[in-house]
1. Report the full-extension gain for the segment R398 to R91: residue separation times 0.36 nm, less the Cα-Cα distance, to one decimal in nm.
2. Show which aspartates and glutamates lie in cross-link reach of K194 when reach means a straight Cα distance below 12 angstrom and same-chain residues fewer than eight apart are skipped.
3. Calculate, in nm to one decimal, what D106 and E312 gain on full extension: separation in residues at 0.36 nm each, minus their alpha carbon distance.
4. Can you list the lysines whose alpha carbon is less than 29 Å from that of K79, not counting same-chain residues fewer than 8 positions off?
5. Could you work out how much longer the chain between S181 and T406 gets when fully extended? Use 0.36 nm per residue separation minus the Cα distance between them, nm to one decimal.
6. Please report, as a whole percent, how much of the solvent-accessible surface of the chain comes from carbon and sulfur atoms (probe radius 1.4 Å).
7. Quick check: convex hull of the Cα atoms in region 321-431, volume per residue, rounded to a whole Å³?
8. Do any GluC sites (Glu not before Pro) in region 342-386 lie in a loop, going by DSSP, with at most 12 other beta-carbon atoms within 10 Å of their beta carbon, and if so which?
Amino acid sequence: MKTGTNMNRRRFIRNTAIGIMGLPLLSNSYGNIAPSDKIRVAHIGLGNMGRNHLNWFSGFSDVETVALCDVDKVRLGEKYKLLQEIHPNVRADTYTDFRHILDRKDIDVITCATPDHWHALIAMMAFQSGKDVYGEKPLSYSVEEGQAMKKALEYNDSVFQLGTQIHAGDNYHRVAEIVQSGLLGKIHTVRLWKTGGSPGLGFPPTEIPPDTLDWELWLGPAPYEEYTPVRCHGSFRYFFDYSGGVFGDFWCHIADIVYMSLQPQGLYSIDTRGKRPDDGIADTPRWIEADFKFKDLDLYWTTTPPPVPGAEKMHIGAHFEGTDGSLTCDYNTKVIHMGNEILDDIAELPETLPRSPGHQRNFLDAVKSRVQPESNLAYVREMTLPMHLALISFRLKRKLQWNSLTEQFEGDSAANYLLSRVYRNPWSLPE
Ligand SMILES: NC(=O)c1ccc[n+]([C@@H]2O[C@H](COP(=O)([O-])OP(=O)(O)OC[C@H]3O[C@@H](n4cnc5c(N)ncnc54)[C@H](O)[C@@H]3O)[C@@H](O)[C@H]2O)c1
């Protein structure tokens, strides 16, 4: 446990309660914090997903929304207005530079819905400043960032939940129960897919950024590029400088059910094929196929649904193939094939996994109890790793051998170089 000036209000209360008496002062369903104690939340990144964060968290009676931040003053103003519509009496402070939020000791939690290239850095700086983080997916921009986040979380005794909201849903819990029950036999293969790919976005001219947008701070650690609107809000996800395209956008939502059900271990080979758009400046995959070999599992990703029962109707999905049956699912549905039977559930199989109180509620409870939540950092880092490795295989156009103990590629210095990114000044990975 780190102590000192970075400790926030909530951890000070908790540590004092435990430290002085040797026992918690307060005993309740949340552990050491009185249920009446409000969690003071700031939201960073107020675009499409940031709007959801604001709506979700401001709806809890034990949350006080105290600050909003976006590098775009227009979006900041819009979301401040939205907050006032929801809670006319709330007066949150507004910032364009997130570091002012991190400087405040009276804030317990930040949520982060910036573009992907900021996720890890903002989270790690927040951990250092004594705050817990509800951060959007994907976890990080690079493998190295994910490793550094895990260390920073542990060192600072922080709580983190990744924004994989579907994880909390009943369908994923039920699929995991069925897969883990053994009724489908040994699962040897899983097929994942997500339709659609990166559009080219044309060849627009560069522009002077609007006065209301701090383009330097939007770019942050990413390489400098002149501004053009398609690089910015929403479509940033189609550029490798900031994100990983449709593949990187959706990987963790659907790979989550594989990790939740099977916790695959011993990834050793990644072979990716695909194509970039040829009609514009966007460079992430228009289509992509990736083959992953784990110790006991073959995992495949495709842009088109695989030829398995039920897949053709799903724009995103997972198909588990076992020795005694198969299961195809998306976020909210599932279909099971066993022999000649087609089922939507197995009635006689009891519930074995505890259900979630809701993804955001689970995080807020974790902030109070200091027990890591469902989509915690250690879990989501493992689950996100193959996505990064597949994008490296895509960029280098070759099959790669991976050592899952050292987290390095075997005999491929170019691939190992791409496990990290060089940050633009003045940004650096926190020590
Ligand atoms: N969990 C989900 O289902 C889901 C859905 C959509 C998006 N997302 C994730 O949310 C993130 C945001 O996506 P979006 O579609 O809302 O993008 P967006 O472009 O609409 O919003 C991003 C916002 O972050 C702001 N921003 C950029 N740098 C910032 C900084 N340094 N400090 C403060 N604000 C900054 C931008 O100005 C913009 O308003 C992405 O990483 C995406 O993967 C998750």
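1. That works out to 105.2 nm of additional length.
2. Result set, ordered by chain and number: D249, E289, E312, D330.
3. 69.1 nm
4. K38, K105, K131, K137, K368
5. Roughly 77.8 nm would be gained on extension.
6. Taking all protein chains in place, the chain shows 53 percent carbon and sulfur surface.
7. Here the figure is 230 Å³ per residue.
8. Hits after loop and neighbour filter: E348, E351.
The values are calculated or read from the model by the stated rules, or taken from the named source; none is laboratory data. Quick caveat: nothing in here was measured; it's all calculated off a predicted structure. Here the Cβ is made from the backbone with ideal geometry for all residues, glycine too, and neighbour counts use every protein chain on show. Each accessible area value is taken on the protein alone, full model and side chains, heavy atoms only, with ligands, DNA and RNA left out. Shrake-Rupley method; radii C 1.70, N 1.55, O 1.52, S 1.80 Å.
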